[in-house]
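First comes the structure, then the notes that go with it.
Any read-out appearing in this document is the output of simple, stated calculations on the displayed coordinates, not a laboratory observation. Values in this document were obtained by computation on a predicted structure and should not be read as measured data. Glycine also receives a Cβ, built like all others from the backbone with ideal geometry; neighbour counts cover every protein chain displayed.
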Amino acid sequence: MNGLDASSTCDESSLQCLQSQGLQFIGRYYSRTTQIAGKKLTPAEAQLISLAGIAIVAVYEDGPTNAAYFSASRGAADAGGALEQAAAVGQPQGSAIYFTVDYDASSSDIAGNIAAYFAAIASTIGGQYRVGVYGSGDVCEAMLNGGYASLAWLAQSTGWSGYSQFANWAIKQGAEQTICGLNADADVAQGDFGSFIVMPPTPFLVAPPLDLTSM
C-alpha cells in the first residue's frame, strides 16, 4: 500500500491530488512543543482526510534527535500528550501511535535511554493504542524484541544502523519530496500498520414539537 507522511496541513486541493495519485494513507503528527506551522494534526483536518477516504497514521514527534531527549519521564509525558491529542481528533482505540527516534542511535543509547523511553510509553498508553516505533533498523528491531512496540516504521536513512538487515517493518519510508504541494516523504506499508479513519460526529437529533391539539 502506498502513502506518505507530511509535516504540512492537508486541504481539499491536496487531498484531491493524493486521491488522483492513488495514495491510500498519510502520516500526520501529534506534538506538544512543535513550532512548525501546520505540522500538528487538528480535529478538522482529521475529519477532512477521513472524508477523502484516506487513512491516517499518527506519529508523535517533538525533537528526538539525540540521546539526551530520551528518558522514562519524557516517555510518560509524550505518551500523555499523544493520548490527549488522539482523543481530540477522535482516533479510535486499537489503532497505532508511532513515536520517533530521529537519529542514528548507538547500541548503548538504544539499550539505555531509548528503551526506558519506550517502556514508559507502553506503560502509559496501557493497551489503549498500539505503540509504534520510527527509527533505524537497529532501533526498530530492539523495541520490537523488547516488547515495547508492536509496529515498526523504518526511517529512510539507508546509512543508519541495521537498515539493510531489518525486514519486519510495517511502514518503510522513502525519499523526502514535495507531494501534492505537501512537504512529505513517500512511504510503503504492508499488513496491518495501525492506520485509522475518523468517524464523522453523530448529528444532534432534535425531537419534534409536541402536538398539543390532540391532547
*Give the cysteines in the chain for which no other Cys Cβ lies under 4.7 Å away, or write none if there are none.*
Cys10, Cys140
_Efficiency of FRET between Ala87 and Asp11 - r from beta-carbon atoms, R0 25 angstrom, step 0.05_ = 0.55
*Can you check how the C-alpha radius of gyration of the range 1-96 compares to 2.2 N^0.38 Å, as a plain ratio?*
1.13
_the range 50-66 - phi-based ³J(HN,Hα) in whole Hz, Karplus 6.51/-1.76/1.60, Gly and Pro as x_ = 5, 5, 7, x, 9, 6, 10, 10, 8, 10, 9, 7, 10, x, x, 10, 7
*Step through the residues of the range 144-153 one at a time and calculate ³J(HN,Hα) from phi using the Karplus curve (6.51 cos²θ - 1.76 cosθ + 1.60, θ = phi - 60°), rounding each to whole Hz and writing x for Gly and Pro.*
5, 5, x, x, 7, 9, 10, 9, 10, 10
*Segments 181-194, 113-126 sorted - mean Cβ within 10 Å per residue, highest first*: 113-126, 181-194
*Selection of trypsin sites (Lys or Arg not before Pro), the range 1-45, meeting DSSP coil and at most 15 other Cβ within 10 Å*: Arg32
_Need the full-extension length gain, Ser71 to Asn2, defined as separation in residues times 0.36 nm minus the C-alpha distance. One decimal, nm._
21.5 nm
*Per DSSP H run of n ≥ 4, the term is -39500 (n - 2.57); total these for the chain, divide by its residue number, and report the mean residue ellipticity at 222 nm rounded to 500 deg cm²/dmol.*
-8000 deg cm²/dmol
